[in-house]
Amino acid sequence: MSALDAPRAALAELTRPEGWVLGVSVAFLLFLLAALLTGALGPTYFLFLVGLAGMYALLSFGLNAQWGFTGLINFSVAAFFGIGAYGSALMTASGSPIAGGLDPLVGLVVALVVAFALALLIGIPTLRLRADYLAIASLGLAEVVRLIVLNERWLTNGSAGVRGIPGFFEGWPVLSTFPEAMPGLRLEVVPGSPILLETAFWQASLNVLLVLGFAGATFFVLRRAHRSPWGRVLRTIRSDEDLARALGKNTYSFKMQSFVLGSLIMALAGVFYTHLNLYVGPGDLDPITTFYAWVAVILGGSGSNRGALFGGIVIVTIREGTRFLNDVALPIDPAPLRLLLIGVVIVAVMRYRPQGILPPQRDLIWPSAVDGGGAPETPDSGVRERKGGGGDE
């Protein structure tokens, strides 16, 4: 058997949307590679974009665990993102008004504990009620958290934000000194377009390593959870909560678990953003963050972990790609185009792929039964026939 047989078989089993996503992704990677080699895109900025895409993927994973799995409408994505960001920043930053100077791992734990407590606080009175009560409460929570961050200067430094945030690996052996210890490199693949790999590049590579670890672990946990009996209960609740309750399931408990899990993942995204950007302010809790997360989940496919990952990458591509339009002479201001493009994407998805680009069927049922691949194999005879045959012998 040729070594290429397995990849060819895997490509042959792809559905049409999966093949389309793969083709677009490969073309986009080739475009980025060409931009890097020609100097149009700096390597440090490229790694920053990768980190930002990982952050939005985490936000999408968190919302997918709530809405995609259980049908919980959460409009406070920015609030839990801000809790994670400020929780870590206030524990680790030299400019923190309350603590500061602690190890980033302490900031990570504090951020997750506060997010856990806040999720319980908002979930206990609302999750026993209809879904719209959670939507209203979460919408109010997002605004309350933003106003506290903006006005309580003794706690959050107010509109000035928190500065002096260290890198996540500050104080770690080897990794803390890795960027400074690495030599500066100058690569020139295309004549006249040198690529400089300096301290900032090596620091950004550590950030990419961190977000890949966070996102990879989250994807693995959610994938296993979605296929488990726990995940099947969540999907039943999303489809028909009364049916799940009639089957003897404590739907309130399952919804609480799903809500807390998603909130912790959103806080984890905030922790990463803090140590990526090295600054956090009230503007980072803007409601547009919640909007972006919802668009990513709807675009990728509600309940699909692969879809949430793809949607987060698309959002960053549109959000950051429009910045390069400033270098092009256009008769209009290109800044508002990002929301226009996102609106066009939403309309197109709702028109042609209302279930999302990568719906979760591939993750949940037999791959051969997806997109006309045929039904799973069934036994030639029933159980009674087999028993009868065995008795005759």
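The values are calculated or read from the model by the stated rules, or taken from the named source; none is laboratory data. Nothing here was measured: the structure is a model prediction, and the numbers come from that model. Positions of Cβ are backbone-derived with ideal geometry, glycine not excepted, and every protein chain shown enters the neighbour counts.
For this structure, a couple of remarks:
- Single match in 204, 142, 137, 117 (criterion: more than 23 Å from residue 89 (Cβ to Cβ), aliphatic (A, V, I, L, M) and assigned to a helix (DSSP H, G or I)): 137
- Residue list for the range 249-266, filter: β-branched (Val, Ile, Thr) and either over 21 Å from residue 217 (Cα atoms) or under 12 Å from the mean Cα position of the chain (by Cα) (or both): 251, 265
- Considering 70, 92, the condition of being crowded, with 24+ Cβ neighbours inside 10 Å and touching a Lys or Arg at 6+ places or on another chain (Cβ under 7 Å) is satisfied by 70 alone.
- Flag for residue 134 being under 19 Å from residue 291 (Cα atoms), at pLDDT below 90 and not acidic (Asp, Glu): yes
- Of all residues in the range 6-54, exactly one satisfies the criterion of being buried (at least 16 other Cβ atoms within 10 Å of the Cβ), assigned to a helix (DSSP H, G or I), out of contact with any Leu (no Cβ under 9 Å at 6 or more places or on another chain) and at pLDDT below 85, namely 36.
- Applying the set (1) touching a residue at least 60 places away in the same chain (Cβ under 8 Å); (2) outside any loop (DSSP other than H, G, I, E, B) to residue 148 leaves exactly one unmet item: (1).
- Boolean, residue 176 is in contact with an Asp or Glu (Cβ under 6 Å, 6 or more places away or on another chain) and either acidic (Asp, Glu) or over 30 Å from residue 33 (Cβ atoms) (or both): yes
- Of the numbered criteria (1) touching an Asp or Glu at 6+ places or on another chain (Cβ under 9 Å); (2) of a type outside the set (Phe, Trp, Tyr); (3) not in a loop (DSSP other than H, G, I, E, B), the one residue 73 fails is (3).
- For the residues 319, 306, 351, 338, the requirement of being modelled with pLDDT of 85 or more, surrounded by 16 or more Cβ atoms within 10 Å (Cβ to Cβ) and among the charged types (D, E, K, R) singles out 306.
- In the range 267-297, the qualifying residues are those that are closer than 24 Å to residue 339 by Cα and in contact with a strand residue (DSSP E or B) (Cβ under 9 Å, 6 or more places away or on another chain), and the one that is surrounded by the most Cβ atoms within 10 Å (Cβ to Cβ) is 270.
- Residue match in the range 207-221 (condition: small (Gly, Ala, Ser) and on the phi > 0 side of the Ramachandran plot): no
- Residues of the range 184-226 classified as hydroxyl-bearing (Ser, Thr, Tyr) and either within 24 Å of the chain's Cα centre (by Cα) or buried (at least 18 other Cβ atoms within 10 Å of the Cβ) (or both), total: 2
- Flag if residue 61 is among the aromatic types (Phe, Trp, Tyr), in contact with a Ser or Thr (Cβ under 7 Å, 6 or more places away or on another chain), under 20 Å from residue 287 (Cα atoms) and crowded, with 24+ Cβ neighbours inside 10 Å: yes
- Filter result (crowded, with 20+ Cβ neighbours inside 10 Å and aliphatic (A, V, I, L, M)) within the range 119-136: 119, 122, 127, 134
- Filtering the range 73-87 to residues that are buried (at least 24 other Cβ atoms within 10 Å of the Cβ) and either free of Cβ contacts under 8 Å to residues at least 60 places away in the same chain or of a type in the set (Phe, Trp, Tyr) (or both) leaves 80, 81, 86.
The rows are residues; the columns are (1) acidic (Asp, Glu); (2) surrounded by 19 or more Cβ atoms within 10 Å (Cβ to Cβ); (3) touching a residue at least 24 places away in the same chain (Cβ under 8 Å); (4) touching a strand residue (DSSP E or B) at 6+ places or on another chain (Cβ under 7 Å).
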| site | (1), (2), (3), (4) |
| --- | --- |
| 228 | no, no, no, no |
| 232 | no, no, no, no |
| 242 | yes, no, no, no |
| 245 | no, no, no, no |
| 254 | no, yes, yes, no |
| 258 | no, yes, yes, no |
| 265 | no, yes, yes, no |
